[in-house]
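Enquirer: Starting off with a structure, shown below.
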Amino acid sequence: MKKRILIIGAGPSGLAAAANILEMAANEVEVTIVHMGHHVGGKAASYVNAAGEHIEHGWHMVLGFYTRMRGLLARAGISFDRAFSSMRGQSHVYETWSKRLHTIDASGSKVAFAARFSQYDGLPFGDRANYSRVMADAFLFATSGANLLEHDDICFDAWAQERGLREHVTRYAIFRVLREGYFNFPERISAYHALQTLRLMSDTQKAEAFVCRGEWSETVWKPVAAYVERLGAKIIPYTMVTDFIYEGRRITGLRVSRPDPEGHHHGASSWPKGGIPREANSDHALSTFDSVISTIPVGVLCTLNQTDQAWWQSPFFARIKNLRSATTLAMRIITKEPVRQLMGPVFGMRAPLGIATDMTGHLTEKHGPGSVIDFCGQEAGFESWSDDAIVDFTLENYARTLGMKPIARADLSWLEFHRNASNHEQLLLCEPGVNVFRPGAKTPFHNLFFAGDWTRNDVDVVCMEGAIASADSASRAALAYLSQI
Ligand SMILES: Cc1cc2nc3c(=O)[nH]c(=O)nc-3n(C[C@H](O)[C@H](O)[C@H](O)COP(=O)(O)OP(=O)(O)OC[C@H]3O[C@@H](n4cnc5c(N)ncnc54)[C@H](O)[C@@H]3O)c2cc1C
């Protein structure tokens, strides 16, 4: 009889785990995926819902070093070149001292990623040499084979200052780019995360950024899900796990709640802060498995087994409680008339929506004559602002940043704004000292394995590639366990 693996979650890590397992052992193993949403792709999904609204957690890019993700897409039959469009090595940073955008351009040249930073002209002349020397040192260190993990308990600002960066240089927007990229603004980012990013993006090819030419769900995640179904996986939506049931060191069941599909046409983004309310039928239990891979985001995991003190007081789970996640914000606008277009993301804009990307030239579907601009950022410090206040502030700020005439709401043909406040939408903060609390694939339960962008993996930075890397170790560990029972 085939062994049964239950995967919780149909985001990048859950889908990748299912693909790995079935590619390796379809004759010996049966895979079922349960997920609480109605769209596969987790936080990386984007789609147009029944009401015609564009739903997403935020603009996503794929970087050149995402080799596992590209491998998964290729196996699922997705042509990367058709699905993605390159931003041609360009990004832009707004510096308040110069009140203008400065472009980092590595297009066409085979330069090291750090060289992009050291060629940056957005600093006053007197700080440029200091900044570029420290960034070059950081890059050399990151790619030297040194154990970067040893630098997790210090923030990147302090790490750089220890190596001679002048304190005030940390306040320039260019220095905040890595922090913003991981949604750690306004908080500090661990030096490990910043250095690991420099290592992963060590040359122009690995640092090249791509965007999806259409909705992520249609273009990427649904075809990946169809692939794992062809391999034999069963995918069950609207199944939210609320508790693990266990005996000794074995998970024997999962308590689940079944949110009503009809009631959630607006997708996960419209569920209330704190997650979906537990429903009357939440004692419905699943127990038809030999092993479980959980890709539940840490914010949700911490709400499971609420009344089980032994669970949360055990050293393994107590440590997980130290992990904090952030509420991100996402906004898309479509203007009636074209506005100034830039290739590549703009960083350094004023919070809360500090990153903007003009998607007009990248999307296959035409959105009329205007421009399509995606914004994302973090909510911290702006919790009390109304959606309208954030939208108006951002429109004004974007126009000022790009030096163009003000954008009014009347100039827009489309506006979407989302706060990703529910715990299943939040993203792990890569703050200093965080890594010791992140678990790997193995747990104290012999048949329970963890995966997801927040778990330890060999990419380790919080992104789709990290989620997919984590699925490699979890699927190998689950198969090894099953081969022994
Ligand atoms: C605003 C924003 C921008 C981002 N930009 C980028 C980017 O540019 N590049 C990049 O690589 N990454 C980006 N990311 C990160 C990326 O989205 C995540 O790293 C990735 O989606 C993590 O995949 P995952 O499978 O680990 O988790 P998730 O995508 O969160 O998937 C988790 C799955 O578990 C399900 N689930 C959750 N709780 C339960 C439960 N209790 N029971 C059952 N199912 C459950 C969910 O429905 C989902 O299917 C961004 C994230 C955000 C929020």
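Enquirer: Among (1) within 16 Å of the ligand (Cβ to nearest atom); (2) among the small types (G, A, S); (3) surrounded by fewer than 20 Cβ atoms within 10 Å (Cβ to Cβ), where does A45 come up short?
Expert: The single condition A45 does not satisfy is (3).
Enquirer: Where residues in the stretch 430-453 are touching a helix residue (DSSP H, G or I) at 6+ places or on another chain (Cβ under 9 Å) and of a type in the set (G, A, S), which of them is nearest to the ligand (Cβ to nearest atom)?
Expert: G452
Enquirer: How many residues does the stretch 439-485 hold that are farther than 16 Å from L301 by Cα, over 18 Å from the mean Cα position of the chain (by Cα) and part of a loop (DSSP other than H, G, I, E, B)?
Expert: Here the count works out to 3.
Enquirer: Which count do you get for residues in the stretch 454-471 that are among the charged types (D, E, K, R) and near the ligand (Cβ under 10 Å from one of its atoms)?
Expert: The initial filter retains those residues of the stretch 454-471 that are among the charged types (D, E, K, R), namely 456, 458, 460, 465.
Then drop every residue that is not near the ligand (Cβ under 10 Å from one of its atoms), which leaves 465.
The number of residues fulfilling the criteria is 1.
Enquirer: Could you check how many residues of the stretch 329-343 are open to solvent by 80 Å² or more (accessible area, probe 1.4 Å) and among the hydroxyl-bearing types (S, T, Y)?
Expert: 0
Enquirer: Which residue out of A285, A318, A310 is within 16 Å of the ligand (Cβ to nearest atom), surrounded by fewer than 20 Cβ atoms within 10 Å (Cβ to Cβ) and not aromatic (F, W, Y)? It would help to see each step written out before you state the result.
Expert: Numbers: A318 fails: within 16 Å of the ligand (Cβ to nearest atom); A310 fails: within 16 Å of the ligand (Cβ to nearest atom).
Step by step, each of A285, A318, A310 is checked, and only A285 is within 16 Å of the ligand (Cβ to nearest atom), surrounded by fewer than 20 Cβ atoms within 10 Å (Cβ to Cβ) and not aromatic (F, W, Y).
Enquirer: Separate question: Name the pairs whose Cβ atoms lie under 6 Å apart, with the first residue in the stretch 159-177 and open to solvent by less than 10 Å² (accessible area, probe 1.4 Å), the second among the small types (G, A, S) and assigned to a helix (DSSP H, G or I), and 6 or more positions between them or separate chains?
Expert: W159/A191
Enquirer: R332 - would you say it is within 23 Å of the chain's Cα centre (by Cα), assigned to a strand (DSSP E or B) and of a type in the set (K, R)?
Expert: Values: within 23 Å of the chain's Cα centre (by Cα): yes; assigned to a strand (DSSP E or B): yes; of a type in the set (K, R): yes.
Yes, satisfied.
Condition check ((1) touching a residue at least 40 places away in the same chain (Cβ under 8 Å); (2) more than 15 Å from the ligand (Cβ to nearest atom); (3) under 16 Å from A225 (Cα atoms)) across all residues:
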| residue | (1), (2), (3) |
| --- | --- |
| A25 | yes, yes, no |
| E30 | yes, yes, yes |
| A50 | yes, yes, no |
| I55 | yes, no, no |
| W59 | yes, no, no |
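Yes/no per residue for (1) modelled with pLDDT under 95; (2) in the same structural domain as N147 (by TED's automatic domain parsing); (3) crowded, with 24+ Cβ neighbours inside 10 Å:
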| site | (1), (2), (3) |
| --- | --- |
| E416 | yes, no, no |
| E425 | yes, no, yes |
| F437 | no, no, no |
| H446 | no, no, no |
| G452 | no, no, yes |
| C463 | no, no, yes |
| G466 | no, no, yes |
| R476 | no, no, no |
| L479 | no, no, no |
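Residue by residue, here is whether (1) without any contact (Cβ under 8 Å) to a residue 40 or more places away in the chain; (2) out of contact with any strand residue (DSSP E or B) (no Cβ under 8 Å at 6 or more places or on another chain); (3) under 25 Å from I468 (Cα atoms); (4) not assigned by TED's automatic domain parsing to the domain that holds M404 holds:
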| position | (1), (2), (3), (4) |
| --- | --- |
| P297 | no, no, yes, yes |
| L301 | yes, no, yes, yes |
| D308 | no, no, no, yes |
| M349 | no, no, no, no |
| I373 | no, no, no, no |
| Q378 | no, no, yes, no |
| W385 | yes, yes, no, no |
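Enquirer: Continuing with this model, one more query. Is it fair to say G58 is surrounded by fewer than 20 Cβ atoms within 10 Å (Cβ to Cβ) and either part of a helix (DSSP H, G or I) or not hydrophobic (A, V, I, L, M, F, W, C) (or both)? Full working, then the answer.
Expert: Values: surrounded by fewer than 20 Cβ atoms within 10 Å (Cβ to Cβ): no; either part of a helix (DSSP H, G or I) or not hydrophobic (A, V, I, L, M, F, W, C) (or both): yes.
So G58 does not fit the description; no.
Enquirer: Does the stretch 145-155 contain at least one residue that is modelled with pLDDT under 95, under 23 Å from G64 (Cβ atoms) and open to solvent by 20 Å² or more (accessible area, probe 1.4 Å)? Break it down into steps so the answer makes sense when it comes.
Expert: Restricting attention to the stretch 145-155, the residues satisfying the condition of being modelled with pLDDT under 95 are none.
For the stretch 145-155, residues modelled with pLDDT under 95, under 23 Å from G64 (Cβ atoms) and open to solvent by 20 Å² or more (accessible area, probe 1.4 Å): absent.
Enquirer: Right, here's the next one. Can you name the condition, by its number, that T96 falls short on among (1) touching a Leu at 6+ places or on another chain (Cβ under 9 Å); (2) more than 24 Å from W216 (Cβ to Cβ)?
Expert: Only one criterion in (1) touching a Leu at 6+ places or on another chain (Cβ under 9 Å); (2) more than 24 Å from W216 (Cβ to Cβ) is unmet by T96, namely (1).
The values are calculated or read from the model by the stated rules, or taken from the named source; none is laboratory data. Computed from a prediction, not measured in an experiment: that's the story for all the values here. Cβ atoms come from the backbone with ideal geometry, glycine included; neighbour counts cover every protein chain shown. Surface areas here come from the heavy atoms of the whole protein model, side chains and all, with no ligands, DNA or RNA. Shrake-Rupley method; radii C 1.70, N 1.55, O 1.52, S 1.80 Å.
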